[in-house]
Amino acid sequence: MSLPETDTRLIRKPDLIASDMDGDLVMMSIDRGEYYGISGVGVRIWALLAAPISAAEIAATNLADRRRGGRKKICKFCAENTEFVDYKDSQTLRFFLTDRGKIVPRRISGNCARHQRMLTAAIKRGRMIALLPFTTAT
Ligand SMILES: [Zn+2]
């Protein structure tokens, strides 16, 4: 298997079913009928792959995780100059939910505290009006 080009945008394969078991991920490929188990860095990369991301960005993020206080992560909302996180924008909000429907923590998403607070409030509002899941039935 060859590594993807550094600036190719990557996304989760749609035929993969994943669920987390105590911090480890167990995945199943419907196409090939195979099971995979991943943990540690793999789980972090999987979380990043919730939104399209380039291999270079993933590499940068893992580096930041290794060297504490090294490279700073960018808040997606700051980058887009977002003043309000819209609770009706379920497309965007879904990027910040795990497969289980949990809110992705700031240390993984790279959001700033201010926008993470807004995001959390927006997701909770979205849940109340049934735009977003509280949890996913398995
Ligand atoms: Zn921000």
*Compute the distance in nm between two label points, each set 7 Å from the Cα along the Cα-to-Cβ direction, one at Ala121 and one at Asp15.*
4.4
_J(HN,Hα) series, the range 108-115, from Karplus relation 6.51 cos²θ - 1.76 cosθ + 1.60, nearest Hz, glycine and proline x_ = 9, 6, x, 5, 7, 4, 4, 6
_Using amide H atoms built in the peptide plane, which far-off residues or other-chain residues are under 5 Å from Ser54 H to H?_
Leu10
*Which ³J(HN,Hα) values, rounded to whole Hz and listed in residue order, are derived for the range 27-32 from phi using the Karplus coefficients 6.51, -1.76 and 1.60 in 6.51 cos²θ - 1.76 cosθ + 1.60 with θ = phi - 60°, glycine and proline given as x?*
10, 10, 8, 5, 3, 9
*Per residue and in Å³, how big is the convex hull formed by the alpha-carbon atoms of the range 76-128?*
70
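Bear in mind these aren't lab numbers, they're just calculated from the coordinates by the rules spelled out. Source: prediction; values computed, not measured. Cβ coordinates were reconstructed from backbone atoms using ideal geometry, including for glycine residues, and neighbour counts include every protein chain displayed.
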